[in-house]
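Report on the structure given below.
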Amino acid sequence: QDFSASVKEGIVAETLAILRHPDFAALFGPGSMAEVPVTARLTGGPGGDRLVSGQIDRLLVTEKDILIVDYKTNRPPPQDPKDIPALYRSQLRAYRDTLEKIYPGRTIRTFLLWTDGPRMVEIFV
C-alpha cells in the first residue's frame, strides 16, 4: 500500500515478463516447485563440514536433470559473470551439494534469474 501506482505497475510488469518469457516456461510448468526449503549437514569436501539451510526459489526435477534457480533483483544486474558476487555462487553451491545427496546420478544445474531484464544465467559452481 505504501508504493506509488507507478512502482506497483513496474513490479507487476516485471513479474509478468518473467512468467511469460518462453525460455522460463518449464520453471513455472507442471512439476516445478516454488520456495523449496533445504536443510542439510554436509561433511567433508572443500568447504569442510557445514550446515546448509536455505530456500530454493524455483526447483525443477526431471528424470535426468535438476534445475535450481535463485531470483536476484540487482539493478542493474552484472553483465560479466566475473562480477557475480561470490556469495551468490556459494549459495548455489550449497544448494547443489545438498541436492546431490537427495538425487544421486542426476545432472544438477544452477542458475540466477535476474528480474531486471529478465535474464537467466547458468552459474557453474
(message) Take the conditions closer than 18 Å to Ser32 by Cα, surrounded by fewer than 17 Cβ atoms within 10 Å (Cβ to Cβ), at pLDDT 95 or above and out of contact with any Leu (no Cβ under 7 Å at 6 or more places or on another chain) and apply them to Thr62. Does it pass?
(response) no
(request) List every residue pair whose Cβ atoms sit under 8 Å apart, with the two residues 6 or more apart in sequence or on different chains, where the first one lies in the range 31-51 and is closer than 20 Å to Leu67 by Cβ and the second, anywhere, is at pLDDT below 95 and of a type in the set (D, E, K, R). (result) Ala40/Asp97; Ala40/Lys101
(request) Starting from residues that are touching a helix residue (DSSP H, G or I) at 6+ places or on another chain (Cβ under 7 Å) and polar (S, T, N, Q), keep the ones in the range 80-125 and report whichever is farthest from Leu67 (Cα to Cα). (result) Thr115
(message) Can you confirm whether Leu67 is open to solvent by less than 70 Å² (accessible area, probe 1.4 Å) and not charged (D, E, K, R)?
(response) yes
(request) Please list, ordered by first then second residue, the pairs with beta carbon atoms under 8 Å, 6 or more apart or interchain, first in the range 1-26 and within 21 Å of Leu60 (Cβ to Cβ), second surrounded by 10 or more Cβ atoms within 10 Å (Cβ to Cβ) and among the aliphatic types (A, V, I, L, M). (result) Ile18/Leu113; Asp23/Met120; Phe24/Ile18; Phe24/Leu113; Phe24/Met120; Ala26/Leu60; Ala26/Leu67
(request) Might you let me know whether the range 105-122 holds any residue that is open to solvent by less than 60 Å² (accessible area, probe 1.4 Å) and free of Cβ contacts under 8 Å to residues at least 24 places away in the same chain? (result) yes
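The values are calculated or read from the model by the stated rules, or taken from the named source; none is laboratory data. Values in this document were obtained by computation on a predicted structure and should not be read as measured data. When we count neighbours, we look across all protein chains shown, and the Cβ atoms used for this are built from the backbone with ideal geometry, even at glycine. Just so you know, the surface numbers come from the protein's heavy atoms only, side chains and all, with ligands and any DNA or RNA stripped out. Shrake-Rupley method; radii C 1.70, N 1.55, O 1.52, S 1.80 Å.
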